[in-house]
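Have a look at the structure below, then the notes.
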Amino acid sequence: RATMKSLRFISAEALVSNAELARRSLGSVAHNLFPLLFKASYLLERGEVIHDLVENWPLVDFNMGKLLGTTVDYQEDLSRRTCSVCLESCLTGLRDYVLNHPSPYVKRLKVVDLTGIKDVEVQFCECKKTMGRWARTQLLSKLCLELLVYPQQTQRKPGTFETSIDVLMDLFVTERNYELVVQALLKKCCCPLKICCVAFRSDNLALQKFFYIIKLTDPSLLRKLEIVHNVRLEMEHLEILFNTIRFPLLMSLTLPARTFNVRRFTASDERMLTNIGAKMGEMTQLTELSVPFSILTGRIRKLLSPLKTPLKMLDVSNCLLDHADMAYLANSFHANHLEALDLSGHNITDLYPSTFFKLLNHSSSVLRSLTLEDCNIQDTHVNMLILGLSPCQKLEEFKFLGNPLSSQALKRLFTFLCELPMLKNVEFPVPRDCYPVGITYPIDDASVCRFDHRKYESVAEELNLILLQANREDVKASTPLFGSYDAAVQETNNELGAYLIKSFKETLEKFTTSLNNMS
C-alpha cells in the first residue's frame, strides 16, 4: 500500500532528483527544510545529495531515527533501510562537515545520533546493498582516524578542530575490526567526532581484548551490553567485570552461552552467584536480561531476586529450569511486567504446566513476544495452549519452532491465533507428519531439512488461507528452519565460521597431544 506524500515532500523529491541543482540551491534553502530534503534524498537513494546536506547541516542535532521515522510530510518509516549508498554518504558527509571551509552560517552541530537505525532481514532499497552495524562501526572509526591524520597532510583549516560533535553509536566489535575501533576510542579526546557508545556488542573476541575495549567505551553511558558468540566469558569473569566496572545506565544485558553452570558449583561458586546478583541489583535501570544455554537449575531466584526494577524482557532458553525456578518466576514481581519471554528448550507442558500458565496469565496484560521453541508441545497440548494464550491480547509475536505438532493441530492453533488483535509475526514448525515416521524431537541439524517439502508447502498454504479468510493479511507466518534472523550473525558469518573452524582445530590438537602423552 502506497504511503501518502505531502506536496512539500513531492517538491523536495523533485529538487533532490537533480543533484547539481540541489547542490547549487543549498545555500538558499531554509534551515528547517534540511530534514525534509534529507528524508527525500534517503528515499530516492541520492547519495551525493545526502553527503552535501550533512556536510552543510545547519541544525544543532542530527538524529537518524527521527529524520527517517514517521513524519508529517511522509509517514513511512525509513529507519529500517540500512542502504549502503545512503549511510556511507551520510558518514562521509559528517567527516567533511568538520573539514569544509567556514560557511555563511556558524557551525552549530553538537550531537549526531545514529542509534535509531534498525537492521532487518528484508531491504527495500534499490541498491540491495546494506551497511550493517559492524560495517558502520568500522567506517565511523576509520573516518575518526582520518580526521586526525588530515591536518598532517594538508594545511589545517581554521576552526577544524574547534568543532566537537558527540556521535551516539551502537558499536559492534569483533577480532577483525578490534584494532581500528580501539585506536578511534583511544584518540577520542583529540578527535572532533567523539564516539559515544550507547550499545556494545562483542562476538569472536578474546576475553582480554573484550575487557580492554569495554573500559574504553565509557561504561557509565552504556545502555545495552551484548556478549554473544565466541567470547569465553564464564561466571568468574562476569564477577570480575561487575566488580571492576560500574554500569549505572545499563538497561539490557545479554550473556554468552554457558556463562553459568550450576552442575559443577562449589560453595565459592554459590557466593560468586550471590555477588553477581547483588551487582545486577545495583543496575537500577536493568529491564532486559538474556542468559540462554546457561545451566541455572534451582538458581533463578538467587540471580533475579536482588533486582530492584522489574524485568520487561527475559530469555532463559535452554537453562534447564526446574519447578522451583518456574514457581519463582510465576510469583515474582517480574511476572506482571514481562513484555518478552523466551522459555525455549523446556518441557513446559509436562514438567510444570500449572506454574507456566500462571506465569503466562500474570504477564498477559503486557506480553508482546513469546518464544516456546523445542518445548515438546504436542497435539494433546493445543487446547491447553489456546486457553493459556487467550488472555494475551497484546501479543505481537509468537515463535514455537521445533515442536512435534501435526498439520491438523497447527490449523486449529492458527484459527485461534487469528483472534489475537495485535499479532504480527508467527514462526511455526514443520508439521510432524511432513517428517519420516519415527523422527525424534528435538530434531538434530542433520535431519531438520529431511522432510516432505511439497507437503509442507501445501500445509503452509492452508495456514495462510486461514489467516486470509480471517482478514489477517497483516500476520506474517514463516518457518525459519535454523532460527530467527540475526542481523549481526548474518553480517559477520564468514568471520564466525572461520573462528569456529579455528576453535575446532585447536581442540583436536589438544586432544591429539593428550593421546600422545598417554601413549
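Figure legend. Inter-residue proximity from the stretch 78-93: first residues open to solvent by less than 10 Å² (accessible area, probe 1.4 Å), second residues outside any helix (DSSP H, G or I) and among the small types (Gly, Ala, Ser), beta-carbon distance below 8 Å, spacing 6+ or different chains. Indicated pairs: Leu78/Gly69; Ser79/Gly69; Ser79/Gly116; Thr82/Gly132. For the stretch 465-480, give me each residue that is open to solvent by 60 Å² or more (accessible area, probe 1.4 Å) and under 18 Å from Val120 (Cα atoms). Correct list: Asp474, Lys476. Only one entry in Phe333, Phe293 is in contact with a Lys or Arg (Cβ under 7 Å, 6 or more places away or on another chain), open to solvent by 30 Å² or more (accessible area, probe 1.4 Å), farther than 24 Å from Lys476 by Cα and aromatic (Phe, Trp, Tyr), namely Phe293. In the stretch 1-17, the qualifying residues are those that are more than 9 Å from Tyr74 (Cβ to Cβ) and at pLDDT below 95, and the one that is surrounded by the most Cβ atoms within 10 Å (Cβ to Cβ) is Ala2.
Pick from the stretch 215-238 the residues that are part of a helix (DSSP H, G or I) and touching a Cys at 6+ places or on another chain (Cβ under 9 Å): which of them is least open to solvent (accessible area, probe 1.4 Å)? Per the criteria, the residue is Pro219. Taking into account only those residues within the stretch 420-464 that are among the polar types (S, T, N, Q) and not in a helix (DSSP H, G or I), which is surrounded by the fewest Cβ atoms within 10 Å (Cβ to Cβ)? Out of the qualifying residues, it is Thr440.
Among residues of the stretch 16-31 that are closer than 12 Å to Pro58 by Cβ, those with a beta-carbon under 8 Å from a residue that is in a helix (DSSP H, G or I) and open to solvent by less than 50 Å² (accessible area, probe 1.4 Å) at least six positions away or on a different chain give the pairs Leu26/Asp52; Leu26/Leu53; Val29/Leu37.
Among the residues of the stretch 407-419, not a single one is touching a residue at least 60 places away in the same chain (Cβ under 8 Å), under 15 Å from Leu463 (Cβ atoms) and open to solvent by 10 Å² or more (accessible area, probe 1.4 Å). All conditions in (1) open to solvent by 40 Å² or more (accessible area, probe 1.4 Å); (2) at pLDDT 95 or above; (3) aliphatic (A, V, I, L, M) hold for Leu321, with the sole exception of (1).
Within the stretch 239-259, if we keep just the residues that are within 14 Å of Tyr212 (Cα to Cα) and aliphatic (A, V, I, L, M), the residue that is surrounded by the most Cβ atoms within 10 Å (Cβ to Cβ) turns out to be Leu241.
Checking Leu304, Leu289, Leu273, Leu314 one by one, the residue that is farther than 17 Å from Gly345 by Cβ and within 23 Å of the chain's Cα centre (by Cα) is Leu304 and no other. Of all the residues in the stretch 18-64, those that are part of a loop (DSSP other than H, G, I, E, B), surrounded by fewer than 17 Cβ atoms within 10 Å (Cβ to Cβ) and touching a strand residue (DSSP E or B) at 6+ places or on another chain (Cβ under 9 Å) number 1. Among the residues in the stretch 242-264, are any under 24 Å from Ser202 (Cβ atoms), in a helix (DSSP H, G or I) and in contact with a helix residue (DSSP H, G or I) (Cβ under 6 Å, 6 or more places away or on another chain)? For the stretch 242-264, residues under 24 Å from Ser202 (Cβ atoms), in a helix (DSSP H, G or I) and in contact with a helix residue (DSSP H, G or I) (Cβ under 6 Å, 6 or more places away or on another chain): present.
The values are calculated or read from the model by the stated rules, or taken from the named source; none is laboratory data. These numbers were taken from a predicted model, which means no experiment stands behind them. Positions of Cβ are backbone-derived with ideal geometry, glycine not excepted, and every protein chain shown enters the neighbour counts. Quick note on the areas: whole protein, heavy atoms, side chains included, nothing else; ligands and nucleic acids left out. Shrake-Rupley method; radii C 1.70, N 1.55, O 1.52, S 1.80 Å.
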